[in-house]
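Everything on this sheet refers to the single structure shown next.
The values are calculated or read from the model by the stated rules, or taken from the named source; none is laboratory data. Quantities reported herein were computed from a predicted structural model and do not represent experimental measurements. Glycine also receives a Cβ, built like all others from the backbone with ideal geometry; neighbour counts cover every protein chain displayed.
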């Protein structure tokens with residue numbers, strides 16, 4: 001089948017796999033702070049998210065040396081390079097359908113008459129870097145030779161040609177998508193190429209394109225510099241929105257040298273200018289790679305102005321390396337916060353709906369305290385204003401307003417990571433049974449799995465949120481109960497006092513309304529033991545920690 005049909009088929013498998021394996025996490029955990037993960041790859045590349053161009057979204061298989069060179073020259077001349085874009089990446093279809101007699105990949109001489117090395121030399125002469133594409137299966141998605149079983153040979157070729165970046169896809173890898181058939185796992189195939197690249201001695205950024213299969217975010221930081229978290233994007237608001245929802249909850253896995261990748265930018269490919277700015281804003285707020293996928297040689301001034309907005313790019317490229325997280329999300333109105341290295345916080349107010357809406361948050365909710373006034377800089381208009389606490393904007397349908405908030409101190413806010421809530425006495429984790437999305441489902445404890453139905457966030461409104469079954473829910477004291485035995489359940493977030501929880505320094509979690517402690521019923525330790533409210537008594541079944 002052709003590449004698009006092949007990918008459509010595999011994306012169906014991807015959706016089924018992800019639905020069964022993981023739901024995604026939301027915003028920051030304040031008092032239960034967790035450190036960023038250690039990243040074992042440590043090749044000193046992509047210490048901030050990579051920026052560049054990839055030809056696939058705009059050109060598909062119609063790649064050529066002349067296209068790559070003209071794009072590189074456009075980036076050099078139109079402000080893209082000056083804005084920070086440095087990689088010019090060749091996607092699929094650059095090679096012939098057969099290896100040569102010695103097993104080497106062969107660049108298509110009709111498409112690349114100077115070969116990849118000649119193309120790389122030209123790109124390098126402009127001060128840019130060259131990327132290339134291969135696949136961790138027997139063939140690429142378009143049916144050209146894959147690298148499975150040829151990893152060191154191909155890595156050596158890439159290094160010899162002067163390649164600086166490898167996008168490594170996941171087509172034609174039978175044995176990965178079905179259990180029990182004996183094929184190599186995605187992690188093992190990607191790790192083999194990681195090691196092959198390292199042996200060449202050339203710094204080559206390694207971009208994993210496994211579409212979120214095998215929960216790549218759990219192991220990607222030790223293998224690659226970035227990893228795709230979803231199937232392919234397309235140039236529609238619906239596609240962008242779906243990918244945003246899938247990627248936004250994965251902040252705890254990202255950091256310098258290792259990034260969640262929600263796929264290439266579709267800015268300039270057919271969405272409205274408002275939607276383009278939303279995609280660019282959200283990708284920056286999520287510390288995502290910024291890889292343009294449009295025709296840069298003929299890009300409009302509006303498209304270039306979006307792609308080169310220095311204030312927004314500074315958020316994406318901030319050296320602290322924190323992915324922004326959701327402070328609140330209700331009724332299609334989202335607030336994200338991202339702490340920055342100088343103590344500022346970037347805030348994105350995103351309106352998923354078609355009509356204009358006012359979106360509100362506060363400096364406290366994003367983790368800012370300690371000042372009588374704060375300065376807000378609108379990152380799209382450049383306008384500045386001041387506030388004593390409220391942050392509010394009228395946001396057009398499908399639009400995003402971004403502010404950089406300065407002043408006071410940052411005490412966690414949008415920057416702390418989500419995490420598992422461990423029941424100390426039982427050695428288990430707080431859990432939404434079966435990743436339920438049904439309001440009223442009582443929480444229990446279960447063996448810790450790292451899945452999203454065990455990953456919680458304590459936001460600035462003192463809500464404890466969880467993405468269960470892909471839906472953000474809040475922990476709730478059932479029926480606003482204030483008596484011993486009140487069930488701790490999930491419910492749609494509504495801001496009521498029975499959904500507010502205090503995470504205390506003594507290890508307890510208490511209901512703000514009831515003053516009762518979250519309690520593992522009967523001090524039991526078995527999987528499935530329900531969680532309820534009970535008078536605080538200092539026992540270990542009321543002790544909770546995060547890791």
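Farther than 22 Å from residue 353 by Cα and either part of a helix (DSSP H, G or I) or touching a helix residue (DSSP H, G or I) at 6+ places or on another chain (Cβ under 6 Å) (or both): does that describe residue 260?
It is true that residue 260 is farther than 22 Å from residue 353 by Cα and either part of a helix (DSSP H, G or I) or touching a helix residue (DSSP H, G or I) at 6+ places or on another chain (Cβ under 6 Å) (or both).
Going through segment 293-334 one residue at a time, which ones are in contact with a helix residue (DSSP H, G or I) (Cβ under 6 Å, 6 or more places away or on another chain) and under 28 Å from residue 61 (Cα atoms)?
Residues satisfying the conditions are 293, 294, 295, 296, 297, 302, 306, 308.
What's the number of the condition residue 471 fails, among (1) surrounded by fewer than 21 Cβ atoms within 10 Å (Cβ to Cβ); (2) at pLDDT below 85; (3) in contact with a helix residue (DSSP H, G or I) (Cβ under 9 Å, 6 or more places away or on another chain)?
(3) is the only condition that residue 471 fails.
Sort through 369, 386 and tell me the only one that's at pLDDT below 95, surrounded by fewer than 21 Cβ atoms within 10 Å (Cβ to Cβ) and either over 29 Å from residue 276 (Cβ atoms) or assigned by TED's automatic domain parsing to the domain that holds residue 335 (or both). Steps first, answer last, please.
Details: 386 fails: at pLDDT below 95.
Among 369, 386, only 369 is at pLDDT below 95, surrounded by fewer than 21 Cβ atoms within 10 Å (Cβ to Cβ) and either over 29 Å from residue 276 (Cβ atoms) or assigned by TED's automatic domain parsing to the domain that holds residue 335 (or both).
So which residues in segment 360-397 are part of a strand (DSSP E or B), closer than 23 Å to residue 309 by Cα and within 24 Å of the chain's Cα centre (by Cα)?
Listed by number, the residues that qualify are 378, 395.
Residue 254 versus (1) farther than 24 Å from residue 169 by Cβ; (2) touching a strand residue (DSSP E or B) at 6+ places or on another chain (Cβ under 6 Å); (3) at pLDDT below 95; (4) surrounded by 24 or more Cβ atoms within 10 Å (Cβ to Cβ): which is the lone unmet condition?
Going through (1) farther than 24 Å from residue 169 by Cβ; (2) touching a strand residue (DSSP E or B) at 6+ places or on another chain (Cβ under 6 Å); (3) at pLDDT below 95; (4) surrounded by 24 or more Cβ atoms within 10 Å (Cβ to Cβ) one by one, residue 254 breaks only (1).
Going through 334, 316 one at a time, which residue ends up being surrounded by 20 or more Cβ atoms within 10 Å (Cβ to Cβ) and more than 15 Å from residue 49 (Cα to Cα)?
Details: 316 fails: more than 15 Å from residue 49 (Cα to Cα).
Just a single option satisfies the conditions, and that option is 334.
Among the residues in segment 509-522, are any within 32 Å of the chain's Cα centre (by Cα), surrounded by fewer than 23 Cβ atoms within 10 Å (Cβ to Cβ) and without any contact (Cβ under 8 Å) to a residue 40 or more places away in the chain?
Looking for residues that are within 32 Å of the chain's Cα centre (by Cα), surrounded by fewer than 23 Cβ atoms within 10 Å (Cβ to Cβ) and without any contact (Cβ under 8 Å) to a residue 40 or more places away in the chain, one finds at least one in segment 509-522, hence yes.
For residue 440, indicate whether it is part of a loop (DSSP other than H, G, I, E, B) and either in the same structural domain as residue 508 (by TED's automatic domain parsing) or buried (at least 24 other Cβ atoms within 10 Å of the Cβ) (or both).
In short, yes.
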